[in-house]
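J.: Once you've had a glance at the structure underneath, I'll fire off some questions.
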Amino acid sequence: MNVAKAETGPTSLPIDPATYEFYQSQAPFYTSSAAQGQSRHLAGFLARLKPGAKVLELGCGAGRDSAYMAQHGFEIDPTDGIPAMVAKANERHTVGARLMQFDELDAQAAYDAVWAHACLLHCPRAQLPGILRRIHIALHPAGLHYASFKLGDGEGRDLLGRLHNFPSADWLRELYSTAGFETVEEMIFAGKGTDGTPRTWLALTVRKS
């Protein structure tokens, strides 16, 4: 998973240390469990892209989604903000993952799509608008972006101590619109976090306006 920057790592943005350390220490768990099978909305997202499209993945974790994209002919750029996750992604799938924090994204019109499954949800609310602007700049005109969030009513922690932004659906819609995106598809669904707590999720597919 990717997070905003940690005080304990090679980073510049302040981040909740507990969230960083959770993923750094749990990389072996994600390699053996969460690394199995691609994310539920990935195939549908890829169906919207041209064959061979270049896709940036934020928060690649153990590399399962990037491996799936590569197997289906897409040009991938897997990134994660956690060193142990980058190492595990390359160990398990050999996808060429690299270490990059959200705020280190400085590409301009370089990608056809940005895939961010269950990672931007850890970005502090105050930092999320700037991150979305970076994603917007990194995309080609009319490029697509996917992200999924656990809905709620404000920043908080789950039972594992990880920080979440827990946005409302309306807050997210306005944030993406302000950043220059138009909604292509929106899916609200029930699910569970890693801590086992039932949550309502919102998955957004948006297009660079």
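The values are calculated or read from the model by the stated rules, or taken from the named source; none is laboratory data. Quick caveat, the model's predicted, so the values are computed rather than measured. No Cβ is skipped: glycine too gets one built from the backbone with ideal geometry, and neighbour counts run over all protein chains shown. These area figures cover heavy atoms from the full protein model, side chains too; ligands, DNA and RNA do not enter into them. Shrake-Rupley method; radii C 1.70, N 1.55, O 1.52, S 1.80 Å.
J.: What whole-number value in Å² describes the accessible area per residue of the chain for a 1.4 Å probe?
T.: 41 Å²
J.: What is the mean projected area of the alpha carbon convex hull for segment 105-152, to one decimal in square nanometres?
T.: Approximately 3.4 nm², given one-decimal rounding.
J.: Quick one: what do you get for segment 117-198 if you divide its Cα Rg by 2.2 N^0.38 Å?
T.: Values: Rg = 13.1 Å, N = 82, 2.2 N^0.38 = 11.7 Å.
Compactness ratio reported: 1.12.
J.: If you scale each eigenvalue of the Cα gyration tensor by 5 and take the root, what three semi-axes come out for the chain, rounded to whole angstrom and sorted largest first?
T.: Three semi-axes, in Å: 22, 21, 17.
J.: How many nm is it between the label spots at residue 50 and residue 153, if each spot is 7 Å from the Cα in line with the beta carbon?
T.: According to this spin-label approximation, the distance is 4.7 nm.
J.: What nm value, rounded to one decimal, do you get for the distance between residue 18 and residue 137 when each label is placed 7 Å out toward the C-beta?
T.: 3.3 nm
J.: Leaving out ligands, DNA and RNA, and with a 1.4 Å probe, what % of the accessible surface on the chain is carbon or sulfur? It would help to have the intermediate numbers written out before the result.
T.: On the way: 4380 of 8600 Å².
Ligands and nucleic acids excluded, carbon and sulfur give 51 percent.
J.: Would you mind putting 69-82, 97-110, 190-203 in packing order, based on average other-beta-carbon counts within 10 Å, highest first?
T.: 69-82, 97-110, 190-203
J.: At 222 nm, what helix-only mean residue ellipticity would the chain give, in deg cm²/dmol to the nearest 500, using -39500 (n - 2.57) for each DSSP H run of four or more? Present the calculation step by step, with values, prior to reporting the outcome.
T.: On the way: 7 runs with 60 residues, N = 209.
One gets -8000 deg cm²/dmol as the mean residue ellipticity at 222 nm.
J.: At a Förster radius of 35 Å, what calculated FRET efficiency corresponds to the Cβ-Cβ distance of residue 104 and residue 190, to the nearest 0.05?
T.: About 0.55, to the nearest 0.05.
J.: Once Lys and Arg get +1 and Asp and Glu get -1 on their Cβ, which of 143, 99, 41 lies farthest toward the positive end of the dipole of the chain?
T.: It is 41.
J.: Moving on. Cα gyration tensor of segment 74-125, axes a ≥ b ≥ c as square roots of the eigenvalues: rounded (a/c below 1.5), prolate (a/b > b/c) or oblate?
T.: oblate
J.: Amide H to amide H, which residues 5 or more places from residue 76 or on other chains are under 5 Å from it, using H placed in the peptide plane?
T.: The answer is 55.
J.: Based on the Cα gyration tensor of segment 51-95, what are the three equivalent ellipsoid semi-axes, each the root of five times an eigenvalue, rounded to whole Å and given largest first? Let's see the in-between values first.
T.: Values: eigenvalues 65, 22, 7 Å².
Square roots of five times the eigenvalues give 18, 11, 6 Å.
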